[in-house]
Structures are given as structure tokens and as C-alpha cells.
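Here, each number is a calculation from the coordinates, and none is a lab measurement. Note that this is a predicted model, so its numbers are computed, not measured. No Cβ is skipped: glycine too gets one built from the backbone with ideal geometry, and neighbour counts run over all protein chains shown.
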Amino acid sequence: MKPGAIIALSLSGYIIYLGFRTFSMLNPTSPQRLKEAQDNIPSASEQRADNLWAYYLINAENPLDSDFTVGLDTVVGSFMLDERCAGYARQMLEDAKKDGIELTVVSAYRSVQKQQENLESYTERLISLGHSSTEARKLAEKEIALPYTSEHNAGLALDILTPDWWETHDDVTADFDKTEQFRWLSENAHKYGFIMRYPREYEDVTGIIYEPWHYRFVGVYYANEIRESGLPLEYFYKTNF
Ligand SMILES: [Zn+2]
């Protein structure tokens, strides 16, 4: 091989390598990026962590026990959360209000029975929009978790919108991330132990669509750690325990 060809080959190899690196850096779910992020996560410090009772995974693979029960306390109106974190949520709503931000809670604790009803009625709605029943069910399950697999069933999650949301929308959409309420939550929710649980970049990991309105209580310590890492709870959780 001529020296020129060798240089050209090495150069193209290097360009491909650089391209891969750039792709890895820009793509938050690339294996390299995940590995780098994982290496940077501090190890769990149970001594410093608060509310460890709330630090567990609820998703399709990790459902609540069928005999799960929870003590409830009011957050606002008829919306309730686990009594151990309802106070954190009340404080968050109150402090947001002091900053001139009205956070409207539209969902909190949901019984397993209610979860089942929601899933069924949403499936029906999708069927009425022209989807086949199998397709409708599959799509519905992407947006509404199966009973026992929702953080709402555990009393650990709040859905928050703007007070005038339903005047301009007929559904909960990702557009919530363009509101001042979302901006406030992005800057402050972690201080009260809540994380935005389903980031856009990790739909494949969480199995749930991007939900800028869904906030999950994990305790203040882990909310800070998770927010800083930029990773979803699934990934973080596996790393620490
Ligand atoms: Zn939710």
C-alpha cells in the first residue's frame, strides 16, 4: 500500500472515530455516554439520604405487592399522597405560589381500581379514534401504566399542570415543558424530594413516554443526585444498589 493510501485510511479511521465520539456525546442514551455518566455517579450514602422508604422502583418489571397499602394525607383539594411525603408536596405548592407560580395538581394517589378504569377508558377512546383494539391497548399501556405498576398507585407521584391548561388543551401534552410552571419545577422540585421521572431521552429505559408533568417523590437527597446525573431512576437505582 502506498504511504498516501495509508495516511488516507488512518485519517478516515480517525474521522469515523471522531464521528462516533461526537455521536456518543450528543446522544444521551449511547452506551458510552451511559457508561461515562454511571462512572460519575457518587456511591449511595444511606447516612446522608433522607426518606429511604421512598427510594424504590415501581415500573412494569417491578410492580407493587398485591397487598400493598398506603396511609394517605391531603396535598390539595381531594388529591392525596403517601402521608410521609404529602407535607413536602404541600410545601412545594406553597413556595411556588410565593414565587408567583400556581401549580395545579391534576392527579396524585390513584387506587389500583381507578388505574384499571383509566387504562380501559383510554383504550376505548383510542378505539373510537380508529385504532384496532390490540393496537389501542398497546398504545394506552405506553401512556397509562398497568395497575400496581404506577407510581400513582403508591401515592408517590403528582401530575402538575397550569391552572388554565384545560382551556387551551384537551389532553396532557409535552407542551407543558414550555410553561413557567415547568421552568419553576425544573429549578425547584428536587428541593422538595421530587424528580421529573420520565425524561424525553430515556423513553426506552423507563418504558413511559416523556412526561414533563409527572413528579415522583424519592426524598431530597436522591432527588438532588438524580437531577444532577440526568439519568432516569431505573438506571440510577441499578447503579446504587
Ligand atoms: Zn403521572
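Observations on the model:
- Calculated FRET efficiency, Glu61 to Lys98, Cβ-Cβ distance, R0 = 35 Å: about 0.30 to the nearest 0.05.
- Three-way shape call for the stretch 69-126 based on the alpha-carbon gyration tensor, with the a/c threshold at 1.5: oblate
- Exposure proxy ranking, count of Cβ atoms within 10 Å, fewest first, for Glu167, Glu83: Glu167, Glu83
- Likely footprinting exposure, Glu124, Glu225, fewest C-beta neighbours within 10 Å first: Glu124, Glu225
- For a label point 7 Å along the Cα-to-beta-carbon line of Glu135, residues of the stretch 184-217 with backbone N under 20 Å: 209
- Sequence-distant residues sharing a close amide H with Val106 (under 5 Å, placed H): Asp159, Ile160, Leu161
- When the C-alpha to C-alpha distance is required to be over 31 Å, the pairs from Lys142/Lys191; Lys98/Lys142; Lys142/Lys178 that qualify are Lys98/Lys142.
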